[in-house]
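Bear in mind that the values in this text are calculations on the coordinates, not laboratory data. As the structure is a computational prediction, the values presented were derived from the model and not from experiment. Cβ coordinates were reconstructed from backbone atoms using ideal geometry, including for glycine residues, and neighbour counts include every protein chain displayed.
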Amino acid sequence: MYNVAIIGAGPAGIFSALEIMKLKPEWRVILIEKGEKIEKRKCLLREGFAKCPNCKKCGLLCGWGGAGAFSDGKLTLTPDVGGHLVDYMERQKVEDLIDYSDKLYLEYGATEEVFGTDMKTFAELERQAALAELKLVHSPVRHLGTERSLDVLKNMQDDLDGKITILNNVAAKSLIVECGQVKGIELDNGQTICAEYTIIAPGREGADWLTQEFAKNKIGMVNNAVDVGVRVELPAPVFEPLTSKLYESKLIYHAPTFGDEVRTFCMNPNGEVVQENYNGIATVNGHSYANMKTKNTNFALLVSERFTEPFKEPIAYGQHIARLANMLGGGILVQRFGDLLDGRRSTPERIKASIIEPTLTCATPGDLSLVIPYRQLTSIKEMLFALDKIAPGTASRYTLLYGIEVKFYSARVKLTNELETEGVKNLFTIGDGAGVTRGLIQASASGVHVARTICERG
Ligand SMILES: Cc1cc2nc3c(=O)[nH]c(=O)nc-3n(C[C@H](O)[C@H](O)[C@H](O)COP(=O)(O)OP(=O)(O)OC[C@H]3O[C@@H](n4cnc5c(N)ncnc54)[C@H](O)[C@@H]3O)c2cc1C
């Protein structure tokens, strides 16, 4: 019998374990992770494979550290970006949780430097953005880089090893719920774990599983917006005026034709574009190393679509579009912006005759207009022209667009302000899988928050 069982060793699960061990070192805590220990994690594509082998368990997303392990490790230190925690508690409380989580990252070896704290520089960039009808969100960033992220997470793993029970390569299969209260979990190896409290933190990787389990237990879900878009890659000097000062600029635009919100997301100066694999579907993302620089900068452009009743399947909608790209390109598609505007596909020859060398070499040159719905594609084009005003060269015909980038955090669990599920007592759900966060620092902060709540209940 455990005091607490935690499902998923991403930042959300890890930070809840760290905080519980600080407050209740005598408690018995078990952390169940379906992937490997951090030192055994492997993504074959990152190691030079030409094509993603579609591993059954994606090495990029599963294992100690979750999606955070090989991530760019950008800690965005504001409640305005990377999640919805302000919907559950006062803004000041979220700021305090972010500050506390940031200090924990520092304690375990994060880099000292924070970008974007110079308000005078920010105000000037904000002015330039406003002239292009773009909103620049103030978001200071601590950048760990992928190598440092791995070190920090390994330090956390070493610290918790021995203090709590950690199971690797085992997945939670189903929740045990009796009389409206969670009693434990059944694992896919046949084992049953009994625990007084259960924290579910399965990330976007486990969002489908979470949705099914919650439907089974009649726990309410609400639709979030569906975020679909592309990853943009361009020469680093084009965005250098912004990235040298802010590292990551969060820009929001309301595209005129449809009025949809388009935003920049996960900017990686001198970084590389990477492929992810969500349950067999190839999607695109990006990251950068602290010490290894490419000549390119990449970022996502995501279009947020808020659907109304009777639509109930935001994850399936995103998957459907990503599958179309996979069907046409055998994986990720890449197209030059000029080819998209000219209504023709990109070809290997056209990509070669460019000033940009793609960093994701396995992407297939093709035509994104056959995949992305007209509405989202129009908004993306309009956003690229708006960005061109503050970073001339963005709308160049050589700019590369990779598809599809889609965020599967769309179904949000109905939760109390303590992030406990409405309907099942002692069951808490946090991080990206619950739809309450979208980034490392808020996922970590959500872990700290539930850990404190549970420890207070005793
Ligand atoms: C390439 C890439 C780059 C990124 N860069 C950044 C960045 O720079 N800054 C930023 O803020 N965010 C970034 N992100 C997003 C960030 O990684 C996530 O927001 C964050 O990791 C979410 O944390 P989480 O704990 O909720 O989930 P995750 O990190 O996804 O962890 C969930 C864990 O649960 C496990 N799991 C799932 N289902 C089960 C189950 N049934 N049983 C047992 N275990 C299970 C998974 O294997 C996984 O290890 C990036 C993501 C990617 C993929």
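If I fit a long axis through the Cα atoms of helix 440-457 and take the longest principal axis of the Cα atoms of the chain, what angle between them do I get, 0 to 90°, rounded to 10?
Around 20 degrees separate the two axes.
Once you keep just the Cα pairs under 8 angstrom separated by 6 or more residues, what percentage relative contact order results for the chain?
24
Hand me the trypsin sites (Lys or Arg not before Pro) from region 50-79 located in a DSSP loop with no more than 11 other Cβ atoms within 10 Å, in residue order please. Kindly include the intermediate steps, with their values, before the conclusion.
Working: sites: LYS51, LYS56, LYS57, LYS74; in loops: LYS51, LYS56, LYS57.
The qualifying sites are LYS56.
For SER369, SER446, SER139, what ranking results if the residue with the fewest other Cβ atoms within 10 Å of its Cβ goes first? Can you show the working numbers first?
Numbers: SER369 16, SER446 32, SER139 21.
Listing SER369, SER446, SER139 from fewest to most nearby Cβ atoms yields SER369, SER139, SER446.
What is the angle, in °, between the Cα long axis of helix 11-23 and the longest principal axis of the Cα atoms in the chain? Nearest 10 is fine, range 0 to 90.
It is inclined by approximately 40 degrees.
Report, for region 24-168, the % of DSSP beta bridges that are antiparallel, rounded to 5.
Values: 5 of 10 bridges.
So the antiparallel bridges in region 24-168 amount to around 50 percent.
How long are the semi-axes of the ellipsoid equivalent to the chain, from square roots of 5 times the Cα gyration tensor eigenvalues, in whole Å, largest first? Walk me through the numbers before you get to the answer.
Working: eigenvalues 256, 107, 90 Å².
Ellipsoid semi-axes (Å, largest first): 36, 23, 21.
Between helix 236-246 and the chain, what is the angle of the helix's C-alpha long axis to the longest principal axis, kept within 0 to 90° and rounded to the nearest 10?
40
Charges at C-beta only: +1 for Lys and Arg, -1 for Asp and Glu. How large is the resulting dipole of region 153-232 about its Cα centre, in Debye rounded to 20? The partial results should precede the final answer.
Numbers: 8 positive and 11 negative charges, 38 e Å.
My answer is approximately 180 debye.
Could you tell me which of the pairs LYS74/LYS120; LYS56/LYS93; LYS295/LYS389; LYS173/LYS312; LYS24/LYS173 are separated by over 29 angstrom between their Cα atoms in the structure shown? The partial results should precede the final answer.
Details: LYS74/LYS120 22 Å; LYS56/LYS93 39 Å; LYS295/LYS389 22 Å; LYS173/LYS312 23 Å; LYS24/LYS173 27 Å.
Beyond 29 Å between Cα atoms: LYS56/LYS93.
With a cut-off of 8 Å between alpha carbons and a minimum separation of six or more residues, what is the relative contact order of region 225-407 in percent?
Here the relative contact order equals 33 percent.
May I ask you to list the trypsin sites (Lys or Arg not before Pro) in region 215-294 that are in a DSSP loop and have at most 11 other Cβ atoms within 10 Å of their Cβ?
On the way: sites: LYS216, LYS218, ARG231, LYS245, LYS250, ARG263, LYS293; in loops: LYS218, LYS293.
The qualifying sites are LYS218.
Which value, in debye to the nearest 20, gives the size of the charge dipole of the chain about its Cα centre, when Lys and Arg are +1 and Asp and Glu are -1 at the Cβ? If you can, show how the numbers build up before the last one.
Values: 53 positive and 57 negative charges, 168 e Å.
In debye, rounded to 20, the chain gives about 800.
Given q = 0.10, 0.13, 0.18, 0.21 Å⁻¹, what are the Debye log10 I(q)/I(0) values for region 323-437, with equal point scatterers placed on the Cα positions and solvent ignored?
Debye output, listed in q order: -0.44, -0.63, -0.89, -1.09.
Taking the Cα atoms of region 219-361 alone, what are Rg (to one decimal) and Dmax (as a whole number) in Å?
Computed over the Cα atoms of region 219-361, radius of gyration and Dmax are 16.6, 54 Å.
When the convex hull of the C-alpha atoms of region 1-100 is computed, what volume per residue in Å³ does it have?
Hull volume over Cα atoms, normalised by residue count, gives 143 Å³.
Are there chymotrypsin sites (Phe, Trp or Tyr not before Pro) in region 250-348 that DSSP marks as loop and that have at most 16 other Cβ atoms within 10 Å, and which are they?
Numbers: sites: TYR253, PHE258, PHE265, TYR278, TYR289, PHE299, PHE307, PHE311, TYR317, PHE337; in loops: PHE258, TYR289, PHE307, PHE311.
The qualifying sites are PHE258, PHE307, PHE311.
If you take every DSSP beta bridge fully contained in the chain, what fraction is antiparallel? Give it as a percent rounded to 5. Could you put the intermediate results ahead of the total?
Details: 59 of 79 bridges.
In the chain, approximately 75 percent of DSSP beta bridges are antiparallel ones.
Quickly estimate the mean residue ellipticity at 222 nm for the chain, helices only: each DSSP H run with n ≥ 4 gives -39500 (n - 2.57), and the total goes over all residues, rounded to 500.
Working: 11 runs with 142 residues, N = 458.
Helix contribution divided over all residues of the chain: -10000 deg cm²/dmol.
Size of the dipole of region 225-407 about the Cα centre, Lys and Arg at +1 and Asp and Glu at -1 on the beta carbon, nothing else charged, in debye to 20? Working shown, then result.
On the way: 19 positive and 19 negative charges, 46 e Å.
I would put it at about 220 debye.
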